[in-house]
Structures are given as C-alpha cells and as structure tokens.
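No lab work stands behind these numbers, since they all come straight from the coordinates. All values reported here derive from a predicted model rather than from experimental measurement. With ideal geometry, Cβ positions are generated from the backbone for all residues, glycine too; neighbour counts draw on all protein chains shown.
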Amino acid sequence: MVKLTTGIILLLLITFTVVLTECVQVNLIDSNPTLQRYLLRGDSPVIGLNLDMKTLQTAIQAEIKSKTNQNVDDFYLVDISVLKVDSVVQEEAYFAMHSKEGEFIHWPLVGNPANISGLPEWLQASLVVEGQGVWNLEDQLIGRVDQLTHWVHNKTSINNLKSHHQSNIVFFIHDDNGVDQTGEISGAYYLANFGWTWSKTLLYNSLIHKKYQPMPKWNINEMNWYCFYLYFNNKGPDTCNY
Ligand SMILES: *[C@@H]1O[C@H](CO)[C@@H](O)[C@H](O)[C@H]1NC(C)=O
Ligand SMILES: *[C@@H]1O[C@H](CO)[C@@H](O)[C@H](O)[C@H]1NC(C)=O
C-alpha cells in the first residue's frame, strides 16, 4: 500500500514536472487592472517552428490571475521580441495571419560592451549626461521603458498600436530564455518605476528563471548605464555601483 501510494505520488510529480517544463514561463512585471493593461516577461513563445498561442495564452492568464486576481479570459497581445537576431519570422508571420489576436513588435537589444561602473563619478556623469546618450542610441532603453510605462498606465497611449482594442491588453516582452535581453529592459523598468536598488534588480533577474542562467555581461552593462542615467537625473537609486 505504502509502495503504491509512493508510486502514484512519484508518477504525479513526474507528470507535473513534464507539463511545467513544456510551458512558456511568464512573469508579471506591472499591471493596471483599471485600464486592463498588463506587462509580462518571459521566454520564447515559439516552440519548434510554430508560435504556440494556446500555451502562451494559458500561461499568461494563470500568471495574471495568481498575481492580480483578475480573470483575463480574452486579450489583445502585443508581442515584443527583444532578440537581437532575426529569428522572429514565425512571430511576424503569425500576427500577419491573426491580426485580431495581437501584433508583433521587434525591439532588438544588443547590450553594451563597456562597463561604466567603477569609473570616477565625474566621468560617469559626463558620459551619461553630456555624452548625449551615445550609450542609448542602439538599445534605446530611455524611450522604450517610457513607452512601456505609458502603455500600461496612460489610457490614450495605445493610439500608436495597430488595433485600439478597448478591453484587456497584454504587453509581452521576451527573448529566447527570458533572462538576457529581457532582463535588461525589465530591469530598467523596475529601476525606473519601482524604485528598486541596483543590487535588488540584479538579484531578481538572477533568480527569476527556471534555468537560472546568468545574464550576459553586455546586457547587465546596458542596464547599468540606464541606472546611471536615472541616478544623474535624480530619478533612480542612490547608487548604481556594484
Ligand atoms: C563591472 O565592473 C564592476 C567593478 O567596478 C564589477 O564589480 C562588475 O562585476 C562588472 N560588471 C560586469 C557585468 O562585468
Ligand atoms: C498619454 O498619452 C498620450 C498619447 O500618447 C499623450 O499625448 C499624453 O501626453 C499622455 N499623458 C500623460 C499624462 O503622460
């Protein structure tokens, strides 16, 4: 009897794990239930050669329910890939065919080879402030974090989307693994909007994903430049040094 029960529990555990690992992992970043806007991050919704919309929808609904207690039965999906390479054809094709379900946006993020941390403060200030944002030219974190914030919290901000869907809108940022480029822009969002410290942001990004793979240095560097941008404009944490 004991053996049988143990066997059943084991079997259940294995089934559960298999089901879990087949899912797309998604995490809520921010929400505005009054406006019915939700911002989430995650790994790639493309499984094999197809965008698995059903799996993605189910994962998003479960995450929103568990974090905000809202039932989002039906939503318009703004699918934002931050992958730097052009492995985005499946997603582009999917939304070209299913334009009622959502739309696709490509914001490739490359990161930054330069580590600004540890430089003297006068030099950091001059690079970030007087440098006219050379660090921001490629990844455009300033404008993109601002855009995401507006989409979530400003009612009329969705007029630059393809569809002016009036009910639930989900903004979903992803790359392949949910940590690399996704961690860079999500981290910038936490720093700008939630008053998180630099170390909390780094720690959260390192814990969030099931694969626990570290964020690449270039993406951490760019998030760090953005942190200093906030710092020198008195909008960020007390320090962005490690
Ligand atoms: C950047 O430099 C600091 C030292 O100032 C170091 O602690 C940190 O690990 C470096 N970051 C990366 C991503 O290499
Ligand atoms: C809200 O978004 C609209 C359209 O983008 C913009 O014109 C307006 O200034 C925004 N309002 C605030 C408070 O930022």
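Per the helix-only calculation at 222 nm, which mean residue ellipticity applies to the chain, given -39500 (n - 2.57) for every DSSP H run of n ≥ 4 and division by its residues, nearest 500 deg cm²/dmol?
-13500 deg cm²/dmol
Give me the Kirkwood hydrodynamic radius of the range 128-189 in Å, from all C-alpha pairs, to one decimal place?
13.4 Å
Tell me, in nm to one decimal, what length is gained between Gln166 and Leu123 on full extension, where the rule is 0.36 nm per residue of separation less the Cα-Cα distance?
Gain in length upon complete extension: 10.8 nm.
Between Glu130 and Thr34, how high is the FRET efficiency from 1/(1 + (r/R0)^6) when r is the Cβ-Cβ distance and R₀ = 35 Å? Nearest 0.05.
Efficiency for this residue pair is about 0.30.
Enter the Cα centre distance for the pair the range 92-117 and the range 30-50, rounded to the nearest angstrom.
12 Å
With a point put 7 Å past each Cα toward its Cβ, work out how far Lys100 is from Lys217 in nm, to one decimal.
Once both label points are built, they end up 5.1 nm from each other.
Can you list residues from other chains, or at least 5 along the same chain, whose modelled amide H is less than 5 Å from the amide H of Phe171?
Tyr38, Leu39, Leu40, Val78
How many percent of DSSP beta bridges within the chain run antiparallel, rounded to 5?
30 percent
Taking other Cβ within 10 Å of each residue's Cβ, how do Met97, Met53, Met215, Met223 sort, fewest first?
Least crowded to most crowded, the residues run Met97, Met53, Met215, Met223.
Taking a ≥ b ≥ c as the square roots of the eigenvalues of the Cα gyration tensor of the range 38-102, is the shape rounded (a/c under 1.5), prolate (a/b larger than b/c) or oblate?
Cα axes put the range 38-102 in the prolate bin.
Rounded to the nearest 0.05, what FRET efficiency do Asn50 and Asn241 give with R0 = 45 Å and r taken as the Cβ-Cβ distance? Could you check?
FRET efficiency, Asn50 to Asn241: 0.50.
So in the chain, which Cys have no other cysteine's beta-carbon sitting under 4.7 angstrom from theirs?
Cys23
What residue among Leu137, Leu202, Leu161 has the largest mean-square fluctuation in a Gaussian network model of the chain, using Cα springs under 10 Å?
Per the Cα network of the chain with a 10 Å cutoff, Leu137 tops the list.
Defining a contact as two alpha carbons under 8 Å apart and six or more residues distant in sequence, what relative contact order in percent does the chain show?
It comes to 25 percent, rounded to a whole number.
How far apart, in nm, are the 7 Å Cα→Cβ label points at Ala114 and Thr58?
Inter-label distance under the simple model: 4.8 nm.
Based on the alpha-carbon set only, what is the convex hull volume of the chain divided per residue, in Å³?
Considering the Cα atoms of the chain, their hull volume per residue is 152 Å³.
Among all helices in the chain defined by DSSP H, which have a length of 15 Å or more along the axis from Cα atoms plus a Kyte-Doolittle mean of at least 0.5?
Helices meeting the criterion: 2-22.
Looking at the range 136-241, which GluC sites (Glu not before Pro) are in a loop (DSSP not H, G, I, E or B) and have at most 16 other Cβ atoms within 10 Å?
Glu138
Would you mind ranking Asp139, Asp30 by Cβ crowding within 10 Å, fewest neighbours first?
Exposure proxy ranking, most exposed first: Asp30, Asp139.
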